[in-house]
1. What are the radius of gyration and Dmax of region 73-141, computed over its Cα atoms and given in Å?
2. Hey, can you grab everything whose amide H is under 5 Å from the amide H of THR342? Only 5+ residues off in sequence or another chain; H modelled, so Pro and N-termini drop out.
3. Could you derive backbone 3J(HN,Hα) for region 365-379 from the dihedral phi with the Karplus parameters 6.51, -1.76 and 1.60 (θ = phi - 60°), listing whole Hz in sequence and x where the residue is Gly or Pro?
4. Taking the Cβ of ASP493 as the centre, find all other residues whose Cβ is under 13 Å away and add up their charges (Lys, Arg: +1; Asp, Glu: -1).
5. Enumerate the calculated ³J(HN,Hα) couplings along region 42-54 in order (Karplus 6.51 cos²θ - 1.76 cosθ + 1.60, θ = phi - 60°), each rounded to whole Hz, writing x wherever the residue is Gly or Pro.
6. Which whole-Hz couplings ³J(HN,Hα) result when phi for each residue of region 257-270 is put into the Karplus expression 6.51 cos²θ - 1.76 cosθ + 1.60, θ = phi - 60°, listed in order with x for Gly and Pro?
7. Would you mind counting up the charge near GLY78? Only other residues with Cβ under 14 Å from its Cβ, with Lys and Arg at +1 and Asp and Glu at -1.
8. Compute the normalised compactness of region 215-263: alpha-carbon radius of gyration over 2.2 N^0.38 Å, N being the residue count.
Amino acid sequence: MRRRTLASLAALVLTAAAVLGAAPAGAAPGDAAATGLTADLDATVAGVSADLSGSVGAVTAPPSSSAELVGADATLGGAALELSASAVSTEATSEPGIGSSAFAEVADVQLDAPVLTPIIGGLLLDGSGTVIRAEADCPVGSAPTASVSDDITLSIAGVDVVVDADGSAEVDLLGVGGAVIGTVTLQLDETTTTSTTAAAVAVQLDLTVDLVGVAVIEGSVTIAQASCETPTAVVPSAATIDPDEGPTSGGTDVTMTGTGFVPGATSVTIGGIVVPPGEVTVAPGGESLDFVTPPHAAGEVDVTVTTPGGTTGPLAFTYVPPAVVPSAATIDPDEGPTSGGTDVTMTGTGFVPGATSVTIGGIVVPPGEVTVAPGGESLDFVTPPHAAGEVDVTVTTPGGTTGPLAFTYVAPDPGPTADDVDPDQGPTTGGTVVVVTGSGFVPGQTTVTIGGVVVPADEVDVADDGTSLSFTTPPHAAGEVELTVTTPDGTTDPLTYTYVAADDGDGDGGPGDGGPGDGGPSAGGPGGGGPFAGGPSVGSGAGGPSYGAGDPYGSPTASDGGGSLARTGSDVGTLILLGLGALVTGALLRGVGRRSRASRTAAS
C-alpha cells in the first residue's frame with residue numbers, strides 16, 4: 001500500500017474501504033448478473049437532503065442472455081451530488097448445461113459534490129480517460145474464474161492515484177498545521193471464486209464526509225461488478241454421426257449432433273480411444289461437435305460423448321480397411337454388336353459391390369448398372385452402343401483401376417440379297433424345287449416367303465457359303481407372286497415367281513365333237529335300242545370313253561380308237577348315275593358338235 005498526503009484548510013474526513021461483492025443473494029445454478037454503477041449514499045449538502053441511490057446497466061440471466069449499453073446519460077443524482085459515466089456496457093449469459101458468465105465495463109466515471117470541490121481541490125472521484133472492467137465466468141466442467149482491470153488511474157480529491165498489482169492506495173488529508181484530518185483508501189482488483197461461483201468487483205468505496213455546515217455524506221459506491229454460478233450439468237445425448245465410416249488410418253473429420261455438449265469439457269471415445277476435450281470442437285449451443293478419428297483396426301466400433309453431465313449412448317462408426325487394387329482376368333463374350341445390349345461377364349479380384357464402374361471404349365457404365373457377385377471376383381454389365389472396332393475395357397473401384405481387356409464391337413451384316421430364282425414358275429399344286437441365288441443366306445436361320453406363305457427354316461436348304469438356297473414351293477392360286485428371303489440380318493428385295501394353272505387345250509383330253517383325234521366325248525355315236533337311242537359315245541379313236549349301243553341304260557364302253565376297253569357296271573345304282581351323267585353330257589355335246597362341224601364345213 002502506498003500513502004500520499006493532501007493538505008487541506010478545511011475539516012474534511014474522506015474515507016473509503018473495499019467491500020467485495022459475491023454472487024447475488026438467492027442465485028441459482030446457471031444464474032449470472034452484472035451492474036455498471038451502483039450508489040447508496042445518504043447526503044445533506046448546504047442543508048438540503050441530496051440522497052443518492054440506484055444503479056445503471058443492471059442485467060441478469062437466465063433465461064438465456066441479456067445485455068445493455070448506456071451512453072452519456074449514465075447518470076445518478078442531481079446538482080448537489082452526482083455519479084456519472086460516459087458509457088456503461090453490461091452483459092449476462094446463461095446456457096443450460098454449458099455455462100454462465102457476466103461482465104461490466106464503465107468509462108470515465110465521476111463522483112461530484114460541487115460545494116466541496118473548492119475545499120478539497122477537485123472531484124470526490126474522477127476516472128476520466130479510464131475504462132474499468134469486471135468479468136466472471138462459470139463454465140460447466142471447469143473451475144469458475146473472475147477478473148478485473150488492473151493498473152487503473154483515478155483521481156481522489158485532485159490527487160492522481162495509480163493502483164497497480166497490489167490492488168490498493170491510500171491518501172492522507174492534512175488540516176491546518178499539517179495535522180492529518182482524514183484518509184482515503186481505494187481498493188481495486190478484488191475477486192472471489194468457489195467451486196461453482198465467481199464474483200468480481202472492480203472498485204468499491206465506503207465514503208464518509210463530515211464538513212459542518214457544508215456537507216455530510218455517508219454510504220458506498222460500486223463501479224463494475226459481475227457474478228455467476230455454474231449451471232447444473234446436463235446429461236448429453238447423441239443423435240447422428242456423419243460420416244459413419246472411414247479408413248483404418250484415421251484422419252476422418254466427423255460431425256456428431258445431439259444435446260448437452262459442453263465447450264472445453266467434452267471428450268469423444270471411439271473404439272475405446274479417447275479424443276480429449278482439447279481436440280473436440282463444440283458448436284455454440286452445445287448441439288453439435290467435430291473431431292478427427294484416430295487410427296484403429298478395421299470393423300464397426302462404438303462412439304460415445306462424455307461431458308460433466310454424463311456419457312451418451314453409443315453410435316456406430318465403421319473403420320474400413322484399405323481398398324484393394326482390382327484386377328481383371330477374363331471378359332466373356334469379347335465381342336458384340338455396335339448397337340450395344342450385350343450381356344458381358346468379367347472375372348477378376350477386388351470388385352466392390354455398389355462401388356465398381358466399368359469403362360468400355362471410353363464410356364463409363366456406372367456402379368448402379370454393374371452387378372458384382374459376392375466375393376468380388378466377377379461382375380456383369382450390358383454394353384452401351386459404340387462404333388465398330390476393338391476397344392479397351394477397364395474396371396474401377398475405390399482401390400484403383402484394372403489393366404485393360406479387349407472387346408470388339410462388330411458392325412451389323414448388310415443383310416441378305418436375292419439375285420435370281422430358278423425356275424421362276426411352276427404349277428399351282430406346288431412341289432416345284434426352286435433355287436434362289438444371292439448372298440447372306442444363313443444355314444438354319446433362313447426362311448422363304450412366297451406369295452405370303454412362309455417356308456420355315458428347316459425346309460430351306462442353304463449352301464455353306466450362303467450364296468444359294470433351295471426349297472419346294474407350296475400350293476398357291478395361279479398368278480404372279482413375290483418371293484423374299486429372310487435371315488436374322490434382314491429381308492431381301494422381292495423376286496417374282498409365277499404359279500401356272502393345269503393345261504386344258506383341245507386335242508389333249510379336252511371336250512370335242514367325237515371326231516377322230518378329238519379325244520372328247522361325242523354325242524350320237526352308233527348305237528340304239530336304248531331309251532336315248534344308244535346314248536352318247538366318246539370319240540372313235542381318241543381314247544375317250546363311249547357309251548355303247550344296245551344297252552338300254554347306255555352302259556359305257558371306253559374306246560381308245562383302235563379297240564375298245566369295255567367296262568360294264570354290275571352295280572345298278574352306278575349304272576343309273578353314269579347313264580344320267582351321259583345323257584346330260586351328250587345333250588350338251590351334241591349342240592357343241594353341230595356347231596363345230598358347221599364351222600369346219602364353212603371353213604372348207
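1. Rg, Dmax (Cα atoms, Å): 17.0, 55.
2. HN-HN under 5 Å from THR342: THR383.
3. Result, rounded to whole Hz: 8, x, x, x, 10, 10, 9, 9, 6, x, x, x, 10, 7, 8.
4. -3
5. These are the phi-based 3J(HN,Hα) values: 9, 9, 10, 10, 6, x, 10, 5, 9, 4, 9, 8, x Hz.
6. Computed from phi, the couplings for region 257-270 are 10, x, 9, x, 6, 10, x, x, 9, 10, 10, 10, 10, 10 Hz.
7. -4
8. After normalising by residue count via 2.2 N^0.38 Å, the value is 2.54.
All of the numbers you see were taken from the coordinates with simple rules; none came from a lab. Quick caveat, the model's predicted, so the values are computed rather than measured. With ideal geometry, Cβ positions are generated from the backbone for all residues, glycine too; neighbour counts draw on all protein chains shown.
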